[in-house]
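A quick write-up on the structure given underneath.
Rule-based calculations on the coordinates, nothing more; no lab input. Everything numeric in this text was worked out from a predicted model, so none of it was measured. Here the Cβ is made from the backbone with ideal geometry for all residues, glycine too, and neighbour counts use every protein chain on show.
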């Protein structure tokens, strides 16, 4: 199924940019998603094209439901998310396999082998198998664009949603991509009432279940003729079945070998696989993460090798593939250089640092959540004790409360970001109120979805296209669901924040503390004029290191010898002093609160010490 296009030019695009371009060229009219690396840039780029409605949804479930509704109305639609987002969207995904579509519907799942920015390393090819929907997997940016278009064609031809799987490497690495004309969907847009297809009452769902199996049978036959499932014959001593970016690793490691490249990773081209396996002396399956292809090939009764040789953890590369199979790397391949680790850290001036320092002083159990604030779990703050998934902080804190009863009072706090609260924190907060809990919830409102690159969210009142919209008032929302005790604090004021925290964790009823201060990386914060620079007066610094407990990158420790200490006028036996980097200092003033010797003062931008 090749889409005929009029190629105009070739440009350098990342996989995500290419998917956005493919959606535009294919005539997608509605696209919804939730930001999450490595998928975020798809919608950000698609929002720049005219004639396409794009949005950041509150969460991935909503995104799929919006896209599905657009499909029901007869237009082409797309939903985007990272791999864990599909867990949230699984409910509509599984049922949409029953309802089918009208306009083409593609759901992009961006997997993250090696967990570059994720809490797990799940392989979402398993969702295609479980939900009984086809899945395409491009190996580079050029294929990413074309596969998106093919996926929409398949969706309409077979009346099914289609999953498009990328991985971090495909999402972010750039390649030459052909720009083509825009095509429109052959499906006519408009409202069409088909309750027997769209209303999944048991009586209708049972009929649709039968249709689903008929569809899968047709798709299996289609897979054998699908043009992107292709055999590249070479030396038949070794044969490889692979897909996605693993295909590039195989071609690099074994350029002369025979390769069966799967563009559609589910359902499988069984006849093609059997024919290929008969022609090669030894068959290897090369794939990242789970033995997904391997298990299905073995289930067909075909002898092959895979995860007994190839690692099932982390990303692959050409070096790993060749060494795993031959035990040798060869002169043309080299092991990737080990880049020195740079410890992740909250930014200088980050408003979250103050709240976590205050929480660490309380010594409470901190149920954390997904966001850049998760970095508070690291030293020196060491102020987060759980991190499971989006929105889980509130539910797990409440579960601990119910497990421990009154003994939990004053000992457990939930912490969640503003965007994450909108995503999936509202319902567990309702649960606390409804089931008579007393958990204290801290909502970190920094006016953006910072971790994924500063995307707007419903609490910011700005859409993906930069238009102003209604701002979700988090305080009013919390009051509406029954929270009576709500405090808004400036997290840079550590002492005031500490007092509120200490008061509320002891309260025998639910309370919410909203820390309100913008992320320092927002454009308006970067452009601030006359922000203060804090400096350390060495004549007052005792070397106690208390300021270092903040973990602020702008605060540096300068070790000195006995002679140097004497020259600098430091205290006897003082082994060093603190210094504030004038370039990094954001002027938040958190460090001033910590210094009981009043050695930290406002200075000048060219001043290093008093």
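Given R0 = 25 Å, the distance between the Cβ atoms of residue 130 and residue 173 translates into a calculated FRET efficiency of 0.30. Only DSSP H runs of four or more residues enter the estimate; each adds -39500 (n - 2.57), and after division by the residues of the chain the mean residue ellipticity at 222 nm equals -10000 deg cm²/dmol.
A crude spin-label estimate for the pair residue 463 and residue 313, with each label 7 Å from Cα along the Cβ direction, gives 4.6 nm.
Here each label is just a point 7 Å from Cα along the line to Cβ, and for residue 527 and residue 225 those points are 5.8 nm apart.
Contact order, relative form, for the chain: 11 percent (alpha carbon pairs under 8 Å, 6 or more residues apart, mean separation divided by residue count). If the segment from residue 218 to residue 115 were pulled out straight at 0.36 nm per residue, it would be longer than the present Cα-Cα gap by 33.5 nm. If I take R0 = 41 Å and measure r between the Cβ atoms of residue 48 and residue 407 in this structure, what FRET efficiency does the formula 1/(1 + (r/R0)^6) give, to the nearest 0.05? The pair residue 48/residue 407 has a calculated efficiency of 0.15.
At a Förster radius of 35 Å, what calculated FRET efficiency corresponds to the Cβ-Cβ distance of residue 9 and residue 207, to the nearest 0.05? All intermediate terms of the calculation are to be shown ahead of the outcome.
Values: r = 48 Å, r/R0 = 1.38.
Between residue 9 and residue 207 the formula returns 0.15.
Summary of packing: across the peptides 218-225, 380-387, 518-525, 420-427, the per-residue average of other C-beta atoms within 10 Å ranks them, highest first, as 420-427, 380-387, 218-225, 518-525. Ordering 562-571, 508-517 by mean Cβ neighbour count within 10 Å, with the highest value first, yields 508-517, 562-571.
Taking every DSSP beta bridge that has both ends in segment 230-326, the antiparallel portion is near 20%.
Annotation: the antiparallel percentage among DSSP beta bridges lying fully within the chain is about 30. In segment 9-225, Cα pairs under 8 Å separated by at least six residues give a relative contact order of 27 percent. In the chain, the longest principal axis of the Cα atoms and the axis of helix 351-362 are about 70 degrees apart.
Counting pairs of alpha carbon atoms under 8 Å apart in space and at least six apart in sequence, what relative contact order in percent does segment 230-326 give?
Worked out over segment 230-326, it gives 31 percent.
The slack in the chain from residue 575 to residue 475, taken as 0.36 nm per residue of separation less the alpha-carbon distance, amounts to 31.2 nm.
Counted by neighbouring Cβ atoms within 10 Å, the residues 279, 288, 41 run from fewest to most as 279, 41, 288. Each peptide in 308-321, 56-69 receives the mean, over its residues, of other Cβ atoms within 10 Å, and ordering these scores from highest gives 56-69, 308-321.
Between segment 526-592 and segment 290-358, the alpha-carbon centres lie 40 Å apart. Note on 32, 71, 117, 47: ascending count of other Cβ atoms within 10 Å places them as 117, 47, 32, 71, the fewest first. Against the chain, whose longest principal axis is taken from its Cα atoms, helix 270-279 shows a tilt of about 80°. Once both labels are positioned 7 Å from their Cα atoms along Cα-to-Cβ, the gap between residue 278 and residue 496 label points is 7.9 nm. Place a point 7 Å from the Cα of residue 342 along the Cα-to-Cβ direction; which residues of segment 162-185 have their backbone N under 19 Å from it? Within reach of a label on residue 342: 172-173.
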